[in-house]
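Below: one structure, written as structure tokens.
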Amino acid sequence: MSIKNKKQKMERRRKRVRAKIVGSVEKPRLCVFRSNQHIYAQLIDDQSGKTLASARDLDIKDVKSKSDLSGKKAKSFSVGELIAEKAMKLKIEKVIFDRGCYKYHGRVKALAEGARSKGLVF
């Protein structure tokens, strides 16, 4: 598979997912971006076009040792917990999860589980 085809497939998946998801003030969109080394999460209000809160693995001082998670997955879990804490401070309990062009697997799934563990509903 060439790089051009891979990028086109990712863009097609992202558009398909985003066509069904719209965030609001009451229920913002939890958007995930995953690079090779880092992971980022944002709470976005699509109606006003503003980011309400954001978290990234670079913001985490120490990663708690999880028994079943190690390395990047543990960081992703901690980012999920961090974004959930920020959402709770803003009195946001429900969000719409936007996985983007990524499969709900691995680090993306760990981030979602971390957010759910701190009380975020989606």
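Using a cutoff of 8 angstrom between alpha carbon atoms and counting only pairs six or more residues apart, the relative contact order for the chain works out to 28 percent. Excluding Ala41 itself, calculate the net charge of residues whose Cβ lies under 12 Å from the Cβ of Ala41, where each Lys or Arg counts +1 and each Asp or Glu counts -1. In short, +2.
Counting charges near Ile3 (Lys, Arg +1; Asp, Glu -1) among other residues having Cβ under 14 Å from its Cβ returns a value of +3. Across all Cα pairs in the range 3-117, the calculated P(r) in 5 Å bins from zero up to the longest distance comes to 2, 12, 22, 23, 19, 13, 6, 2, 0 percent per bin. Peptides 16-24, 108-116, ordered by how many other C-beta atoms sit within 10 Å of their residues on average, highest first, read 108-116, 16-24. A dipole drawn for the range 3-117 from +1 and -1 charges on Cβ atoms has a positive end, and of Ser48, Ala74, Ile21 the residue lying farthest that way is Ile21. For a quick check, take a GNM of the chain with Cα springs below 10 Å and name the residue from Ser76, Ser48, Ser35 with the largest mean-square fluctuation. It is Ser35. Dipole magnitude for the range 3-117: computed about the Cα centre from +1 point charges on Lys and Arg Cβ and -1 point charges on Asp and Glu Cβ, it is near 800 debye.
Read the figures in this text as sums done on the coordinates, not as results from a lab. Here the structure is a predicted model, which means the values were calculated and not measured. Note that each Cβ is placed from the backbone with ideal geometry, even for glycine, and that neighbours are counted across all protein chains shown.
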